[in-house]
Amino acid sequence: MNQIQIKKSVGKTAFLEIYKDWANLFRQTNCVPFLSYEWISAWFEKLAPNREIYLLKAFRHGELIGILPLCLQTKKVFGLKFRQLGFLGEEIGGADYLDLIAKDENKAEIWIEIFEFLKNEKSFDSINLENLGQNSETISILENLCRLGKSFRFKAVNSSVCPQIKLESGWESILSQSKRKDNFKRRLKKLEKVEGFEFRSVTAKEEISAAFERFAFLHEKRWEKDGGSEATGLPQLMDFHRSVVENLAEKDLIRFDEIWAEGECRASVYGLDNGKTFYYYNAGYDLDWANMSVGMVLIGLSIRAAILRGNMTYDFLRGEETYKFDWSNAQENLVTIKLNRPNFLALVNQFFEDSWIFMRDSSKNLLPSEFATKLQNLRRNWLRNRKAN
């Protein structure tokens, strides 16, 4: 008898049944906050109306040692049902570094058993695992397992980049290598003369909800002219974040860094903080204070505060915005893994996906930058609405 057993849980009650065990396993791992029970369960409840829960649990001698949080989505390819497994937390909602939830020393043997289990499942045509970190052991394990058999065709695609700051060198060194060094010092000095200027870091449970509403107001105003934010621009997204912020505050995993001046919050960074890494999720700033560069100054103060707390990494998460690279001294690629069964529907679906990626990348290189940006905003808003319904 094999030492590790894989069990599948489906249906909405799957979350209720596993809450305590999930939370206990999560605490033992190095997994990111996006893989916490609080984030994943809220995502499914608020943002995944057309997906079915598909949890794979690994047990050794009756003890839960691994969870692969998947969902099943059905779409149409040539009018035929195409069924695809993906991570809970994928697409809308902006979760990075999704993966198997397990201790590092157990991942390889758990994946071997999960792979064998999935080979014999007939409920899906393809597996699409989005936004794994480039250093995830999952990538090489699955590639090797696919080479050993003919059950799945393996494909790995670099999907995004996450600029990061490694904080070991300290604040003065990081500021010195930043492209914002002189501007930051000049703008900070000017802001410090403003009445009521203050940097705040909000983590107290009783203050978190109000801090989120301040962030959301500033963030939405910033994106109003472009059709709304991808992060908060739908009622479902706002409900999701309100739920996540409140629940993760109970686990001490949420932090809002803010700049206050003249009695109001002028800029806010919404982040997740596990004590090792600060994950910069998003930000907002008062447009009337843009000439004071409150957003840029807040990032610098947020980085400095992370160093003082003892964080080792400041992770900007996915996105190639210039301001992130102006501060960063490292980066990590996100990788999407596709495991396609050798059948017609999976082949056609992969063709359409590859064609869309080619057209997207070509438009960036061939179209005028202003037009390409407008087209990107339209596409982003269309995708946001489609994924949420």
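Each reported figure results from applying straightforward, stated rules to the coordinates on display, with no laboratory input. All values reported here derive from a predicted model rather than from experimental measurement. Here the Cβ positions follow ideal geometry from the backbone for every residue, glycine too, while neighbour counts run over all protein chains shown.
Annotations
- Cα gyration tensor, the stretch 1-50 - rounded (a/c under 1.5), prolate or oblate: oblate
- Cα gyration tensor, the stretch 53-127 - rounded (a/c under 1.5), prolate or oblate: oblate
- Measuring max minus min along each principal axis, the C-alpha atoms of the chain give extents of 70, 51, 37 Å (largest first).
- R0 of 22 Å, Cβ-Cβ distance THR313-GLU264: FRET efficiency to nearest 0.05: 0.10
- Prolate is the label for the stretch 148-204, because a/c, from the alpha-carbon gyration tensor with a ≥ b ≥ c as root eigenvalues, is 1.5 or above and a/b exceeds b/c.
- Principal-axis analysis of the Cα atoms of the chain puts helix 107-119 at an angle of about 50° to the longest axis.
- Summary value for the stretch 1-127: 29 percent relative contact order, contacts being C-alpha pairs under 8 angstrom separated by 6+ residues.
- Using a simple spin-label model with pseudo-atoms 7 Å out from Cα toward Cβ, LYS166 and ASP21 lie 3.9 nm apart.
- Of all lysines in the structure, those lying under 16 Å Cα to Cα from LYS189, and not within fewer than 8 positions of it along the same chain, are LYS181.
- Placed amide H near ARG153: partners under 5 Å, 5+ positions off or other chain: ASN340, ARG341
- Residue-by-residue Karplus 3J(HN,Hα) for the stretch 151-157, coefficients 6.51, -1.76, 1.60, Hz, glycine and proline x: 6, 9, 9, 8, 9, 10, 10
- Candidate cross-link partners of LYS251 among the aspartates and glutamates, defined by an alpha-carbon separation under 18 Å and a same-chain spacing of 8 or more, comprise ASP21, GLU38, GLU206, GLU207, ASP273.
- HN-Hα J in Hz across the stretch 137-148 - Karplus 6.51, -1.76, 1.60, θ = phi - 60°, x for Gly and Pro: 4, 4, 4, 5, 4, 5, 4, 5, 5, 5, 5, 7
- Straight-line cross-link reach from LYS190 at under 13 Å between alpha-carbon atoms covers these aspartates and glutamates, not counting any fewer than eight positions away in the same chain: ASP182, GLU198.
- Relative contact order (percent, whole number), the chain, Cα cutoff 8 Å, 6+ residue spacing: 21 percent
- Cα-based helix-to-principal-axis angle, 344-366 vs the chain, degrees rounded to 10: 20 degrees
- Nearest 10 degrees, 0 to 90: helix 235-249 Cα axis against the chain principal axis: 80 degrees
- In this structure, the pairs whose alpha-carbon distance is over 23 Å, taken from LYS57/LYS155; LYS46/LYS324; LYS221/LYS324; LYS57/LYS122; LYS7/LYS122, are LYS57/LYS155; LYS46/LYS324.
- Estimated [θ] at 222 nm from DSSP helical runs (n ≥ 4, -39500 (n - 2.57)) normalised by residues in the chain, nearest 500: -14000 deg cm²/dmol
- Backbone HN-Hα couplings from phi across the stretch 286-296 [Karplus 6.51/-1.76/1.60, Hz, Gly and Pro as x]: 6, 4, 5, 10, 4, 5, 8, 6, 5, x, 5
- For the chain, built as a Gaussian network whose Cα springs stay under 10 Å, the top-fluctuating residue of GLU207, GLU130, GLU246: GLU207
- Of the trypsin sites (Lys or Arg not before Pro) found in the stretch 1-86, the ones in coil according to DSSP and having at most 12 other Cβ atoms within 10 Å of their Cβ are LYS12.
- Cβ-derived FRET efficiency at R0 41 Å, GLU246 paired with LYS8, nearest 0.05: 0.85
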